[in-house]
1. What is the set of long-range amide H partners of Ser74 at a cut-off below 5 Å, with H atoms built 1.01 Å from backbone N?
2. Find the eigenvalues of the gyration tensor of the Cα atoms of the chain, then list the square roots of 5 times those eigenvalues as equivalent ellipsoid semi-axes, largest first, in whole angstrom.
3. Would you please give the residues with an amide H less than 5 Å from that of Asn117, counting only those at least 5 places away or on a separate chain, with H modeled from the backbone geometry?
4. When only C-alpha pairs under 8 Å and at least 6 residues apart count, what is the relative contact order of the chain, in percent?
5. Work out, step by step, the length gained on full extension between Ala401 and Lys447: first 0.36 nm times the residue separation, then minus their alpha carbon distance; give nm to one decimal.
6. Hey, for a label at Glu267 modelled as a point 7 Å past Cα toward Cβ, could you say which residues of segment 182-221 have their backbone N under 16 Å away?
7. If you take the charge dipole of the chain about its Cα centre, with +1 on Lys and Arg Cβ and -1 on Asp and Glu Cβ, which of Val75, Pro174, Met298 is farthest toward its positive end?
8. Nearest 5 percent is fine: what portion of the DSSP beta bridges confined to segment 130-285 is antiparallel?
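The values are calculated or read from the model by the stated rules, or taken from the named source; none is laboratory data. Note that the coordinates shown come from a computational prediction; the quantities given were computed from them, not determined experimentally. In this analysis, Cβ positions are derived from the backbone assuming ideal geometry, glycine residues included, and neighbour counts consider all displayed protein chains. Calculation scope for accessible area: heavy atoms of the full protein, side chains included, ligands and nucleic acids excluded. Shrake-Rupley method; radii C 1.70, N 1.55, O 1.52, S 1.80 Å.
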Amino acid sequence: MGALRITLVAIFILSVLGLASAWGVGVNYGTLGDNLPPPAQVAEFLRTKTSIDRIKLFDANPDIVRAFANSGISVTITVPNGEIPGLVQLPGAQQWVAAHVSPFVPQTKIIRVLVGNEVLHWGPQNLIDNLVPAMRTLFQALQQAGHGNIQVSSPHSLSILARSQPPSTGRFRPGWDVGVLKPMLQFHRETKSPFVVNPYPYFDSGPKNVNFCIFKMNRGRLDRWTKKMYYNMFESQMDAVFSSMKALGYADVDIVVGETGWPTVAEPFQTWVTPTTAQTYNSRLVMAVNSGKGTPLMPGRKFETYIFSLFTENQKPGPIAERNFGLFRPDFTPVYDIGILRSGPKPQPQPRPVTPVTPVPVTGRKWCMPKPEATDAQLQANINYVCSQGVDCGPIQAGGACFDPNNVRSHAAYAMNTFYQTKGRLPFQCDFSNTAFLSDRDPSNGKCRFL
């Protein structure tokens with residue numbers, strides 16, 4: 001029995017330490033660049049070098065769709081906004097399916113067709129009025145063509161929300177709520193397809209709340225109505241969407257994250273936008289959506305998520321940030337690494353024009369420990385943060401293997417180290433606002449074993 005217990009513990013530890021590299025994630029594959037590689041090279045790179053297992057396109061480019069044939073990578077294609085009115089009548093929808101879907105499946109694994117992109121945000125009104133009818137007709141055309149496994153949805157910016165704070169009071173904008181979103185959610189319920197939203201904590205970030213936005217340690221925010229604490233904006237935004245759906249009676253409809261991300265470069269005054277904050281946000285996002293922890297109002301959920309974006313796109317219009325969301329440069333070198341390269345984390349190339357802090361995997365066995373000068377108040381805040389991030393804090397609860405010695409410093413040591421060991425073992429994951437350091441001495445004692 002003892003040998004079995006040891007074997008099971010070993011398997012558990014190996015699974016935890018290898019979990020990040022096994023997680024799948026989606027990316028938005030944009031094409032607004034004049035130096036991007038051919039689609040066939042992109043498909044081969046994603047298939048062989050990364051754990052990216054799904055892509056989302058902003059159109060239905062046949063060269064790209066064809067390039068992902070037999071790759072095993074799931075593909076979401078998009079009907080451009082301007083083509084929505086043509087899909088309202090069945091013949092138009094049938095023609096669209098015949099041109100953009102039927103020639104490519106099943107070789108290309110098309111899983112979803114998105115009707116437009118943030119239509120309610122951009123308008124005009126005739127597109128908004130035609131959106132749900134076009135979704136219904138396109139779904140009918142897909143069914144008739146034998147593509148009953150392909151879902152239909154439409155992505156939304158968070159401008160669909162009239163209120164988002166506290167999250168439990170989230171509500172859709174009046175007019176859109178019952179006029180557009182309620183019939184859309186009814187369609188999703190009937191067809192078992194997801195409601196797609198694009199939450200971007202970046203757009204609500206600033207120097208005072210950046211830690212809350214990028215999943216770093218912070219004091220958290222209390223929803224006074226539910227008494228639930230929020231330690232990152234992503235979960236807060238997702239729960240605001242969920243509350244809005246629930247208010248209309250559609251809490252059962254799944255949610256997919258169609259876009260989210262963080263740029264490496266922005267306007268000069270946005271000093272909180274750096275390669276380090278981008279890496280922190282996206283790496284912790286991947287862990288959060290795959291962990292099964294869910295959110296305070298949606299516990300136990302995983303979220304299919306698409307990071308924006310695959311490449312830096314030098315022709316993208318708008319502010320500087322719009323051209324600097326990419327995970328990779330056009331030559332496939334990572335702007336930074338978030339644990340999705342199959343060969344493991346790599347030193348970060350120097351981004352342009354900002355000099356990054358380069359996280360390098362720690363070599364040799366290390367444990368994340370509190371600094372001697374860290375105060376009990378700081379360490380208690382670390383414990384609160386770690387235990388809110390899906391880390392098992394049971395061992396430091398009364399009766400747990402690491403409850404004794406019963407003091408803040410000992411409990412913080414266990415919690416902080418467990419966070420570091422299970423979240424990727426990169427140096428920035430043992431920072432805790434400069435209250436931690438990496439030690440080469442195993443702090444395990446007695447029955448309290450540190451990972």
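1. Close amide H contacts, sequence-distant or interchain: Arg54, Ile55.
2. 40, 25, 22
3. Residues meeting the amide H criterion: Asn81.
4. Numbers: 847 pairs, mean separation 65.8, N = 451.
Contact order relative to length: 15 percent.
5. Working: separation 46, 0.36 × 46 = 16.56 nm, distance 0.60 nm.
Net length gain for the segment: 16.0 nm.
6. Label zone hits: 202-208.
7. So the residue furthest toward the plus end is Met298.
8. Values: 5 of 11 bridges.
About 45 percent, rounded to the nearest 5.
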